[in-house]
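The values are calculated or read from the model by the stated rules, or taken from the named source; none is laboratory data. Please read all numbers here as calculations on a predicted model, not as lab measurements. No Cβ is skipped: glycine too gets one built from the backbone with ideal geometry, and neighbour counts run over all protein chains shown.
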Amino acid sequence: MSEEVPGDGLSAEDRKARKEAKKAEKELRIAKAKEVSQSDKGAAAPPPKEKSKTVHVPRQPPVASIAAKDTTPPPTTPSLIPVHGSPDTTTTQAPIFVPQGPPPPCLPPFVDLSLVHPRVAELGLLYRTMRIVGGNARTLAMIEAMSAMVHHTPSLNVDWMSQRDKDSFFHTWHANVNYLQSCRMMTPGMQTVCQALENHFRNITFVTSDNTTGEEAHPSRTQTQLHPRTWVLRELARLKDEILMASLEIVTTIGPKMIEHQDVILTFGRSSTIEALLRNTISQKSFAVIVVDSAPLFEGRTLSAQLQKSGVPTTYVLLSAISLCLPKCTKVFIGASTVLLNGDVHSRAGTSVVALMANALRKPVLCFVESYKLTTKFWVGSLTVNEVCRPSNDTLTAEEAPSGGGYLYDITPAATIDVLVSEYGRHHPMTVATLSREREQRTLGSW
């Protein structure tokens, strides 16, 4: 009977050599592990004594390298900054969408971080973590942060506006604006505010004591000599007052006329203008509200709680139950992030579903929007300008979004909107170009 030959094809001498090599490798691994553990305790470990043994191995397998233990602490989640005026500013409990230790947002290569003001950096974090949402809230917060930046801008340390350094100021201004843009995409209303200030600062002329100007004068753009820092702060305050006055005009004068006694109003998501309108009108008229909410932000929860505190009869439902609630309502109120040139409304994702079903059931749809949110741009499809909200609360552009992601916005066709309500009154959705021109003329006259 022949001797059994192992399947590895090695001779007895080779197998013995391999066994001794594995034993030596095991001893080396134990020695290195002891050395690492002693270094962690702060004690210097003596080098292990290696056995001098010469082993002839014809086909020795490679010895795996042992990596040193990583003693660096794990990255921690950035601390959240409480927002003044929020319901709970004393707790550090994270909201629904909070980044769990992700890297900071990718900055464009042309953003100089040394020029970014701390208030602007703080606002960018609040934008990115969705602690500040809504067109009006984001715009007003941006104006406050940029005002703080203007207070510490070295390029405005001159005596007269005629001595201003435009290039230096715009370099600092654009660095802060681009940083906010890198944290989260700016709304068209925010872009309108920034563009208005930039155009005025670039084109304004100044009258000297002998009525001569260094630049070509324009009747509506001629001002007396002012300190540049004072002028920029005054213009930012004027833009802020213009936004607040527009919302106040809708809430107190025009909006209450749209509500009748015993109305049942259906609204989607949370619009700050609609919320203020409903809370202000409940003391004058009797009506009920149905709040329809949807992912990913579920802003309707906060709206429903605030309306109930004000004594407004409120029903909270999700978007999936819209077919059951629409037959019971008499009017549909929606907000807007912006209104395009063709009358389409760019608003929170889910608004188009509500408007389309309301139009099918012959329910009037009213869109409340301030005139500074009107734009002369035209977008093709809802994915042209959009954002994606992931569970980690990172907002990406539509190109970077995975299929089926949580998009934040959609476009509601102008055919489903019955009335646009602004501070100028009630308008047809197709009159956006006229309203934009009127707003520009009024703004130019105020300069």
Identity of the residue in segment 309-350, closer than 16 Å to residue 271 by Cβ and among the charged types (D, E, K, R), that ends up farthest from the chain's Cα centre (by Cα):
331
Condition check for residue 295: touching a residue at least 40 places away in the same chain (Cβ under 8 Å), more than 29 Å from residue 434 (Cα to Cα) and outside the structural domain of residue 132 (by TED's automatic domain parsing):
yes
Which helices (runs of 4 or more DSSP H) does segment 300-379 wholly contain that include 2 or more residues that are under 24 Å from residue 254 (Cβ atoms) and without any contact (Cβ under 8 Å) to a residue 60 or more places away in the chain?
300-309
I'm checking my understanding of the structure. Among residues of segment 254-311 that are among the β-branched types (Val, Ile, Thr) and touching a Cys at 6+ places or on another chain (Cβ under 8 Å), which one is nearest to residue 331 (Cα to Cα)?
265
Given (1) buried (at least 18 other Cβ atoms within 10 Å of the Cβ); (2) within 15 Å of residue 229 (Cα to Cα); (3) at pLDDT 75 or above, where does residue 152 come up short, assuming only one miss?
(1)
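Which residue is surrounded by the most Cβ atoms within 10 Å (Cβ to Cβ), if the candidates are limited to segment 160-177 and must be at pLDDT 85 or above and in contact with a helix residue (DSSP H, G or I) (Cβ under 8 Å, 6 or more places away or on another chain)?
Within segment 160-177, the match that is surrounded by the most Cβ atoms within 10 Å (Cβ to Cβ) is 176.
Residue-by-condition table, conditions (1) surrounded by 20 or more Cβ atoms within 10 Å (Cβ to Cβ); (2) closer than 30 Å to residue 387 by Cα; (3) modelled with pLDDT of 95 or more:
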{"site": "245", "(1), (2), (3)": "no, yes, no"}
{"site": "250", "(1), (2), (3)": "yes, yes, no"}
{"site": "260", "(1), (2), (3)": "no, no, no"}
{"site": "269", "(1), (2), (3)": "yes, yes, no"}
{"site": "282", "(1), (2), (3)": "no, no, no"}
{"site": "295", "(1), (2), (3)": "no, yes, no"}
Could we say that residue 190 is in a loop (DSSP other than H, G, I, E, B), within 15 Å of the chain's Cα centre (by Cα), at pLDDT 75 or above and surrounded by 13 or more Cβ atoms within 10 Å (Cβ to Cβ) here?
no
Tally of residues being in a helix (DSSP H, G or I) and either in contact with a helix residue (DSSP H, G or I) (Cβ under 9 Å, 6 or more places away or on another chain) or at pLDDT below 80 (or both) across segment 390-431:
8
